[in-house]
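**Q** Sharing a structure, written as structure tokens. Questions coming.
The values are calculated or read from the model by the stated rules, or taken from the named source; none is laboratory data. Note that this is a predicted model, so its numbers are computed, not measured. Heads up, the Cβs are rebuilt from the backbone with ideal geometry, glycines too, and the neighbour counts pull from every protein chain shown.
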Amino acid sequence: MAALKNKDFCITILGSGSATPAPNRFHTAQIVSFKGQRILLDVGEGTQYKLLLYDSLSPIHKVLITHVHGDHILGLPGLFFTFSLNNVERPVHLYSTPQVIEWFFIFKEWLTVPLSFPVHTHVVPLDKKTLLYADREMEIFSLPLRHTTAAVGYVIKENIPPRKINPDAIRKFDIPYEQLKLIKMGYDAVSRGGKVIPNENITYQNRNPRSYAFITDTSYVPELAEYLKGVTVMYHEATFSGQQSEEANLTGHSTAVQAAQLAKQAQVKLLLIGHISSRYTEPEELVKEARKVFPNTFLAVEGLKVWLEIDKIWLQYPDGSEFSL
Ligand SMILES: [Zn+2]
Ligand SMILES: [Zn+2]
């Protein structure tokens, strides 16, 4: 087994199916572990069992839900009920659309056992990309999607240290040393000769921040490419095969080919496809279709772990197979 350099950013697929149940595919749910924080992305039925199987039932810091459809939310009451039985006290931050937050308050009212922990709810704007959360380690954004009900996607992005000063450039442009503090803060510099030197000409970024985008359920929205530019790994729904593009459009979903097109436009490094309709008994066929457009496409299956290391992406499938790039 390959040595792990950075075990601080991992996505585990808990459910990869679409709305209709399929024998081996559960409703949508994923857990992201990032520098000690546990973030649940959608909570389809059975999420708590899959957490137990592939991860753990440790408390969750944040729950990000895309939309109010049952295949994305119905695992939440069971999970919160279990947390209360376990006397979890850590507060949970719940982010979602107005409909999901409203539904949460209704089920909370009817739970037979009061929740043992506070839930802080955050209604996500539906009309524009929005920064929902930021700390020293990460930023979380929401993106508007196009579905049959209000839906949002999420991007979890690593916060990396500010740009570093390039000493050679400081000498070359003859910049007084008193300005170094301001340059570190992102300001442009002024040379001794009075010339303004843009910050990016005298600083450099060590590397690109690692990021993960969770895009489901949605029609193909090419404009999303602009928001998703340079994302490391994107999960995108691929409910249908390319032959069913009309049906995909009518039902507010995407085809595998469309998911691949968006991955290509956004220049992501790796695409995971899931939310595949139960009519496809061989979902690998959809991966083949997508790979014709975007070769680095992989299938999301229950138990798959995706490690975002500093210099590589590493996939571990539950059957023991591994890939890295
Ligand atoms: Zn769905
Ligand atoms: Zn839906």
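**Q** Only one of these conditions is not met by VAL113: (1) among the hydrophobic types (A, V, I, L, M, F, W, C); (2) surrounded by fewer than 21 Cβ atoms within 10 Å (Cβ to Cβ); (3) within 20 Å of ALA29 (Cβ to Cβ). Which number is it?
**A** Here VAL113 clears every test but (3).
**Q** While we're on this one: Looking at this structure, is LEU111 over 22 Å from THR216 (Cα atoms) and touching a Phe, Trp or Tyr at 6+ places or on another chain (Cβ under 9 Å)?
**A** Numbers: over 22 Å from THR216 (Cα atoms): yes; touching a Phe, Trp or Tyr at 6+ places or on another chain (Cβ under 9 Å): yes.
Yes; evaluated as a whole, the condition is true for this residue.
**Q** Condition first: within 16 Å of ligand 2 (Cβ to nearest atom) and in the same structural domain as GLN267 (by TED's automatic domain parsing). Can you find one or more residues in the range 228-236 that meet it? Break it down into steps so the answer makes sense when it comes.
**A** Here is the first cut: in the range 228-236, the residues within 16 Å of ligand 2 (Cβ to nearest atom) are 235-236.
Of the ones still in play, those that are also in the same structural domain as GLN267 (by TED's automatic domain parsing) are 235-236.
Among the residues of the range 228-236, at least one is within 16 Å of ligand 2 (Cβ to nearest atom) and in the same structural domain as GLN267 (by TED's automatic domain parsing), which makes the answer yes.
**Q** Please specify each residue of the range 245-263 satisfying the condition of being without any contact (Cβ under 8 Å) to a residue 24 or more places away in the chain and more than 16 Å from ligand 2 (Cβ to nearest atom). Before the answer, list the steps.
**A** Narrowing the range 245-263 to residues without any contact (Cβ under 8 Å) to a residue 24 or more places away in the chain: 245-247, 250.
Hits for the range 245-263 are SER245, GLU246.
**Q** Go through the range 149-195 and count every residue that is within 16 Å of ligand 1 (Cβ to nearest atom) and buried (at least 16 other Cβ atoms within 10 Å of the Cβ). Break it down into steps so the answer makes sense when it comes.
**A** Step one: list which residues in the range 149-195 are within 16 Å of ligand 1 (Cβ to nearest atom), which gives 149-154.
Restricting the remaining residues to those that are buried (at least 16 other Cβ atoms within 10 Å of the Cβ) gives 150-154.
Matching residues across the range 149-195 total 5.
**Q** Here's another thing I want to ask about it. When you look at GLN265, is it over 18 Å from the mean Cα position of the chain (by Cα), modelled with pLDDT of 95 or more and not in a strand (DSSP E or B), yes or no?
**A** Details: over 18 Å from the mean Cα position of the chain (by Cα): no; modelled with pLDDT of 95 or more: yes; not in a strand (DSSP E or B): yes.
No: the conditions fail for GLN265.
**Q** Follow-up question, since we're still on this one. Counting just the residues of the range 285-306 that are within 18 Å of HIS27 (Cα to Cα) and not hydrophobic (A, V, I, L, M, F, W, C), which one comes out surrounded by the fewest Cβ atoms within 10 Å (Cβ to Cβ)?
**A** Among those residues, the one meeting the criterion is GLY303.
**Q** Tally the residues that are among the charged types (D, E, K, R) and either under 19 Å from LEU111 (Cβ atoms) or within 16 Å of ligand 2 (Cβ to nearest atom) (or both), restricting the search to the range 40-88. Give the derivation first.
**A** Pass one, the range 40-88, residues among the charged types (D, E, K, R): 42, 45, 50, 55, 62, 71.
With either under 19 Å from LEU111 (Cβ atoms) or within 16 Å of ligand 2 (Cβ to nearest atom) (or both) added as a condition, the list becomes 42, 45, 71.
So the count comes out to 3.
**Q** With the condition being farther than 21 Å from ASP319 by Cβ, I'd like the strands (runs of 3 or more DSSP E) fully within the range 1-107 carrying at least 2 qualifying residues.
**A** Working: elements: 9-15, 29-34, 37-43, 62-64, 92-96.
The qualifying strands (runs of 3 or more DSSP E) are 29-34, 37-43, 62-64, 92-96.
**Q** With LEU94, LEU111 as the choices, which residue is at pLDDT 95 or above and in the same structural domain as HIS67 (by TED's automatic domain parsing)? Steps first, answer last, please.
**A** Details: LEU111 fails: at pLDDT 95 or above.
Checking each option against the conditions leaves just LEU94.
**Q** Can I ask one more? Could you please find all residues in the range 108-139 being assigned to a loop (DSSP other than H, G, I, E, B) and farther than 22 Å from PRO59 by Cα? Steps first, answer last, please.
**A** Taking the range 108-139 as the starting set, the residues that turn out to be assigned to a loop (DSSP other than H, G, I, E, B) are 111-118, 124-129, 135-137.
Once the filter is applied, which keeps residues that are assigned to a loop (DSSP other than H, G, I, E, B) and farther than 22 Å from PRO59 by Cα, the range 108-139 yields VAL124, PRO125, LEU126, ASP127, LYS128, LYS129.
**Q** Among PHE80, PHE107, which is surrounded by 13 or more Cβ atoms within 10 Å (Cβ to Cβ) and closer than 21 Å to GLN37 by Cβ? Spell out how you get there, then give the answer.
**A** Values: PHE107 fails: closer than 21 Å to GLN37 by Cβ.
The match here is PHE80.
**Q** Of the conditions (1) touching a strand residue (DSSP E or B) at 6+ places or on another chain (Cβ under 7 Å); (2) under 30 Å from GLU137 (Cβ atoms), LYS229 satisfies every one except a single condition; which number is it?
**A** Of everything listed in (1) touching a strand residue (DSSP E or B) at 6+ places or on another chain (Cβ under 7 Å); (2) under 30 Å from GLU137 (Cβ atoms), LYS229 misses just condition (1).
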